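These notes concern the structure reproduced below.
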């Protein structure tokens, strides 16, 4: 079996790429193919970013001669620019390469001012991995590389029995949203939509689990009269993250742009019914009213209607909960995703 160097952001960073790689670590294929994660970036100060880049480069140079495949995870333009140097070194060393594309917006990446950076990376790569059929169409529409593009969904995390809740957790009525609190994630839309229906459902609350524009969010919630019922506990991981997902009743992602949202995959893993915008790879998979409840980005009235529907209709909530569990058990199970990743590595091994 070949040895694989996996280049990605640090596991200590907040974001989807590190969550994806941590999920891949739990697959059988990660161990069968001798994968080793090299952190080339970390969120934080400029000095910390430089230190991680230099440390990652040193580790890469030490291990590059003995590896067979270099698997690079990239997102927005700064990530693609950093990986360009790693790609040049990999090709000079005669290694097979995989570029795993995680961007949330084509306008700022493959169709933007750094389009040539992505073109060179994709043309040099032996395989280009994208997160959904939608992203495959977008990449192949922009670059003539269809023969090397493969779709690999992000996996759901493994969380044990999602139905196990304490009596206190089961009694709560919480609409949870998780991820960075910023305009792209649509947190203001969820606050506004909740304010429209909050007086009718006094037992319900909203929680934003994530870092970002927390003070702005609190100010808006207070202005709309729901400040006491909208919580911002900050970024959560480990036991704290497990607790808030088990306490939640509904998950909401009001995002304007995504690759394939890890937050929704988290929600499916916990069996939560999802209310979301049809962004990124979700429309390839879900159907409104069957698997999720959908609304247009920015449509606060539409979101309020969908929230009210999921709050009041217990049978609908049960139906969509079962759909969430089915996604986590089958299509997005780490064993399934791991096998597909192994197939990609296997193609390169055979070549």
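Just so you know, all these numbers are worked out from the coordinates, no wet-lab data involved. Quick caveat: nothing in here was measured; it's all calculated off a predicted structure. Cβ coordinates were reconstructed from backbone atoms using ideal geometry, including for glycine residues, and neighbour counts include every protein chain displayed.
Under a plain spin-label model, where a point goes 7 Å from the Cα along Cα-to-Cβ, how far apart in nm are residue 184 and residue 200?
Going from the residue 184 label point to the residue 200 one covers 3.4 nm.
When the chain is treated as a GNM, springs tying every alpha-carbon pair under 10 Å, which of 179, 94, 298 comes out with the largest mean-square fluctuation?
It is 94.
With springs connecting C-alpha atoms under 10 Å apart, model the chain as a Gaussian network and identify which of 293, 61, 176 has the largest mean-square fluctuation.
Maximum among the listed residues: 61.
Run the helix sum for the chain: -39,500 (n - 2.57) per DSSP H stretch of 4+ residues, divided by residue count, reported at 222 nm to the nearest 500 deg cm²/dmol.
Rounded to the nearest 500, it is -14000 deg cm²/dmol.
Give the separation of the Cα centroids, segment 206-232 to segment 51-93, in Å.
40 Å
Considering the Cα positions of segment 167-329, please state its Rg to one decimal place and its Dmax as a whole number of Å.
Cα only, segment 167-329: 14.2, 42 Å (Rg, Dmax).
Based on the mean of other Cβ atoms within 10 Å per residue, sort peptides 95-107, 26-38 so the most packed one is first.
95-107, 26-38
Run the paramagnetic zone check for residue 309: 7 angstrom along Cα to Cβ, then residues of segment 245-262 with backbone nitrogen under 20 Å.
249-256
What is the distance, in nm, between label points placed 7 Å from the Cα along the Cα-to-Cβ direction at residue 22 and at residue 347?
Once both label points are built, they end up 2.9 nm from each other.
Which stretch or stretches of segment 107-126 have amide N atoms under 14 Å from the point lying 7 Å from residue 137's Cα along the Cα→Cβ direction?
Those under the cut-off are none; the list is empty.
Along the Cα→Cβ direction, 7 angstrom out, place labels at residue 218 and residue 63. What is the inter-label distance in nm?
Using points 7 Å along Cα→Cβ, the separation is 4.1 nm.
Quick one: P(r) of the chain from all Cα-Cα pairs, 10 Å bins, percents rounded to integers, in order of increasing distance.
For the chain, the pair-distance distribution reads 5, 25, 32, 23, 12, 3, 0.
Quick one: if the Förster radius is 35 Å, what FRET efficiency do residue 144 and residue 318 give, using the C-beta to C-beta distance and rounding to 0.05?
Efficiency computed from Cβ-Cβ geometry: 0.15.
Mind checking the full-extension length gain between residue 330 and residue 36? Use 0.36 nm per residue of separation minus the Cα-Cα distance, one decimal, nm.
103.2 nm
Pulled fully out, how much extra length does the chain show between residue 113 and residue 339, if you take 0.36 nm times their separation in residues and subtract their Cα-Cα distance?
Contour length minus the Cα-Cα distance gives 77.8 nm.
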